[in-house]
Each structure stands twice: as C-alpha cells, then as structure tokens.
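K.L.:
Questions regarding the structure given below will be posed in turn.
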Amino acid sequence: MRPIQMVDTKTQYLKIKDEVDAAIKEVLDSAAYINGKAVSEFTGALNTYMGSGHTIPCANGTDALQIAMMALDLQPGDEVITPSFTYIATTEVVALLKLKPVFVDVDKHTFCMSPEAVRKAITPKTKAIVPVHLYGQAAPMEEIMQIAKEYSLWVIEDNAQAIGCDYTFKDGTKKKGGTIGHIGCTSFYPSKNLGAFGDGGAIFTNDDALAAKMKMIANHGQSKRYYHDLVGCNSRLDSIQAAILNVKLKNLDAYLAARQNAAAFYNKAFAGNKHITTPTSGKYTNHVFHQYTIVLNDISRDGLNVHLAEKKIPSMIYYPVPGHKQKMFASFGEVRYDLPVTEWLTERVISLPMHTELDEEQLNYISSEVLNYCK
Ligand SMILES: *Cc1c(COP(=O)(O)O)cnc(C)c1O
C-alpha cells in the first residue's frame, strides 16, 4: 500500500506530468513570467467554467478577500459578519482593513454560516457578510442573499475550499459557488481542490464596475500605467502557476468526483456507528469535499488521533481555535460571543485523509482503523 497522506499532490502531478511540464516549459521559453499568455488563457477558461461575469487573478486567496473588501469603500469600524468557524484568512483581512469582524455561529450539520445568526448580528454599522463554503460545500446563499438585499449589505463569498461546487436555488436555477454574492474569492494553494504548485488566487464578480475597480486595486490602483487613481496593492498570479492551473482546470470535475467517491466510501463504512457523525450536505449544494470531516460523539478525539498516527494514518483538526477566541482579535473582545455550535464543533471535529488519489486499499485501511478505535 502507498503511504497515506492528508493530501497527495505528488501522485496527482505524476498523472499529468507530461502536460504540466510542457506548459511550464512554454512559459520558460516565452520568458513572459508576469501577465503572460498563460494568465489570460487560464483566467478566460476559469471564467467560462465558473459562468462568472468577470474573473480577476491574484496572488493568493487571502489577497482575493482583501482586494474584495478594499473595493467596497468601507469605513474603519464598519462591521463585517463572518463565521468564527473558518480558516483565519477570512477574518484576518477584516481586521487588517480596520473593519470590525462580527462572528456568528454555524449550522450544526453543514458547518456553514447560519442565516438566522446573521440576521441577529445585523446592526446599523453592518456593511458586509462573508459566508464561507467550508470543507467543500456552499453556505445557504439564497437565504444570505435575501438578508443582504433587505438590509442593503455586500456579500463576499469565501470559496477557497469549494471551487466547482454547484448551488441550486429553490426555483431550480444552478450557479457555481463563488458567483452568487457580489464578489467571490478563491485560493489555488497547492492542497486546495484546484491547487497550483505555489500560491495563487482569483476573484469573481458579475458587476462590471467592481471588476474594473478590483483589477486596478490588484495592480497598484492603476488602469493606465503609472497613473495611480486608488491605493491598491501588488497581487498577481504568475504565468507558471497559471499554466499549471490551466492543465489542472481541465481535470477539475474529475478531481471533484474522485473526492466525492472517497467521501462516499467513508460514509458507507461509518454509517450507523454511534461515535461518528458523517458529513451532511445541504440540500442546495453538492459537496466537493475539500475536507472529509467527522464529528465524534462520546469518544476521545486525541485518542483517535494517536491511534491513527500509530497506524501511520494522518488526521487533522480544522480548526482547533475558533476566530472569536484568537488572540489577534482580543481588541474586539468587548463583545462576549456566545457561539455554542462553533465551540461544540471545535472540540469534536476531526478530518481524515481526503484527496484525489486515495485508492480502495487505502480507504479500506483508514476506515477500518477508525472503526477499530470507535467501537
Ligand atoms: C485557504 C483559505 C483561504 C486563503 O487562501 P490562501 O491562498 O492560503 O491565502 C481563505 N479562506 C479559506 C476558508 C481557506 O481555506
């Protein structure tokens, strides 16, 4: 059996090595390392895949969120509603821009932002909502967009973990997660579902004016060279990463299917076990399993982690400390947060190996060892 890893980008690369190597070589031969043909080709292909009005490439997913928030003319102290149960990048940029993160609770089953919690957190200072499509499934965007409309709020989707997932509205309309809010952001960090061999990110919007502005912000606030109309930043996707991503984008749907197959294997193996709650997919979304995360009931999480490690099976806690308990936000601590679901999940979730290259032998071994412990 091949060694088991949380993610196996190497085996995935070897399967498309010739095509990837040729694409990299083409960039090297062209010497167009920045804003080369590969960047415009990948951006165009991704825009089509997503069905987005505009796609703006940038340096990473954190920058994508930052650029999105910079484009909205928010004032210091304006409130941005986000889940606490997410990766730090979502909330860090809010504080970085001198805005105030307002943490809300998530749904116990989908782990995504609860629309009811959003509604309760709205104040006259609220300007934006940042739903996170955590672990690979979309937050309930239809409800969130309805609330945003009622209160005239911006919605920025953090789609770093769920690129490719579909969202089905009540009337049957389908859209890609990341293209529903005013702005959507994603990451091409190597372990993400569409991963580069380095850093990368992208921003999606259907709003022409916002697209033009975000393009400028990502490029030192200029649309004409050396004429800087806005304070921006320097955030580019480099040509080599774009060339690699262009090859991988063609395989993205197959990659998502491989993740879904692995998840289905785990789900079947763990069905009915009293200690394990398997992931629940929202009715409106198809889960693309960036992570396969279970909730443990009445059994030690540390114990399972140690047992698996002894069997050479890695496992991870995403995330051990929720946002509202991070020291970096201590200055926002005047609010005493009561986020019972977030805290409950933080103590009980554990993620198992999940990637496109897990074979049946590995899945069998992992699930048998989980079940050996969760007796
Ligand atoms: C990975 C991730 C990001 C940040 O992406 P980077 O490319 O690492 O900057 C933001 N939000 C979430 C939820 C993520 O998982």
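K.L.:
Are any residues in the range 166-196 within 13 Å of the ligand (Cβ to nearest atom) and either surrounded by fewer than 17 Cβ atoms within 10 Å (Cβ to Cβ) or not in a strand (DSSP E or B) (or both), and if so, which ones?
P.N.:
Scanning the range 166-196 gives G177, G178, F188, Y189, P190, S191, K192, N193, L194, G195, A196.
K.L.:
Closer than 24 Å to S114 by Cβ and either open to solvent by less than 50 Å² (accessible area, probe 1.4 Å) or not assigned by TED's automatic domain parsing to the domain that holds L97 (or both) - does that describe any residue in the range 355-370?
P.N.:
no
K.L.:
If a residue has to be open to solvent by 80 Å² or more (accessible area, probe 1.4 Å) and touching a residue at least 40 places away in the same chain (Cβ under 8 Å) to count, how many in the range 326-336 make the cut?
P.N.:
1
K.L.:
Follow-up question, since we're still on this one. Spot the failing condition for T205; the list is (1) open to solvent by less than 10 Å² (accessible area, probe 1.4 Å); (2) over 26 Å from V231 (Cβ atoms); (3) more than 16 Å from the ligand (Cβ to nearest atom), and only one is missed.
P.N.:
(2)
K.L.:
Looking at L252, L304 in this structure, which one is under 17 Å from the mean Cα position of the chain (by Cα) and at pLDDT 95 or above?
P.N.:
L252
K.L.:
Take the residues in the range 51-73 that are part of a helix (DSSP H, G or I) and of a type in the set (A, V, I, L, M, F, W, C); name whichever of them is surrounded by the most Cβ atoms within 10 Å (Cβ to Cβ). It would help to see each step written out before you state the result.
P.N.:
First, pick out the residues of the range 51-73 that are part of a helix (DSSP H, G or I): 61-70.
So of that shortlist, the ones also of a type in the set (A, V, I, L, M, F, W, C) come out as 64-65, 67-70.
Working: A64: 33, L65: 31, I67: 26, A68: 29, M69: 25, M70: 21.
Taking the candidates together, the pick is A64.
K.L.:
For the range 1-50, give me each residue that is open to solvent by 60 Å² or more (accessible area, probe 1.4 Å), over 16 Å from D359 (Cβ atoms) and outside any helix (DSSP H, G or I).
P.N.:
Passing the criteria: Y33, I34, N35.
A quick yes/no check of all residues on (1) outside the structural domain of V93 (by TED's automatic domain parsing); (2) among the aliphatic types (A, V, I, L, M); (3) within 30 Å of I240 (Cβ to Cβ):
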site: D105; (1), (2), (3): no, no, no
site: T110; (1), (2), (3): no, no, no
site: K120; (1), (2), (3): no, no, no
site: I129; (1), (2), (3): no, yes, no
site: I156; (1), (2), (3): no, yes, yes
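K.L.:
Quick check on this structure: which one of I156, I144 is outside any helix (DSSP H, G or I) and buried (at least 23 other Cβ atoms within 10 Å of the Cβ)?
P.N.:
Result of the check over I156, I144: I156.
K.L.:
Among (1) open to solvent by 10 Å² or more (accessible area, probe 1.4 Å); (2) of a type in the set (G, A, S); (3) in contact with a strand residue (DSSP E or B) (Cβ under 9 Å, 6 or more places away or on another chain); (4) more than 13 Å from the ligand (Cβ to nearest atom), which single condition is A211 missing?
P.N.:
Condition not satisfied by A211: (1).
K.L.:
One residue is enough: does the range 337-354 have a residue meeting the conditions open to solvent by 70 Å² or more (accessible area, probe 1.4 Å), assigned by TED's automatic domain parsing to the domain that holds K274 and assigned to a loop (DSSP other than H, G, I, E, B)?
P.N.:
Within the range 337-354 (the criterion being open to solvent by 70 Å² or more (accessible area, probe 1.4 Å), assigned by TED's automatic domain parsing to the domain that holds K274 and assigned to a loop (DSSP other than H, G, I, E, B)), the answer is yes, since at least one residue qualifies.
K.L.:
From the residues in the range 58-112 that are without any contact (Cβ under 8 Å) to a residue 40 or more places away in the chain and on the phi > 0 side of the Ramachandran plot, which one is farthest from the ligand (Cβ to nearest atom)?
P.N.:
Here the answer is D73.
K.L.:
Further, regarding this structure: Within the range 116-132, is there a residue that is buried (at least 21 other Cβ atoms within 10 Å of the Cβ), in a loop (DSSP other than H, G, I, E, B) and small (G, A, S)?
P.N.:
No - not one qualifying residue is present in the range 116-132.
The values are calculated or read from the model by the stated rules, or taken from the named source; none is laboratory data. Just so we're clear, the structure is a prediction, and the values are computed from it rather than from any experiment. For neighbour counting, all protein chains shown are included, and Cβ atoms are generated from backbone atoms with ideal geometry for every residue, glycine included. Each accessible area value is taken on the protein alone, full model and side chains, heavy atoms only, with ligands, DNA and RNA left out. Shrake-Rupley method; radii C 1.70, N 1.55, O 1.52, S 1.80 Å.
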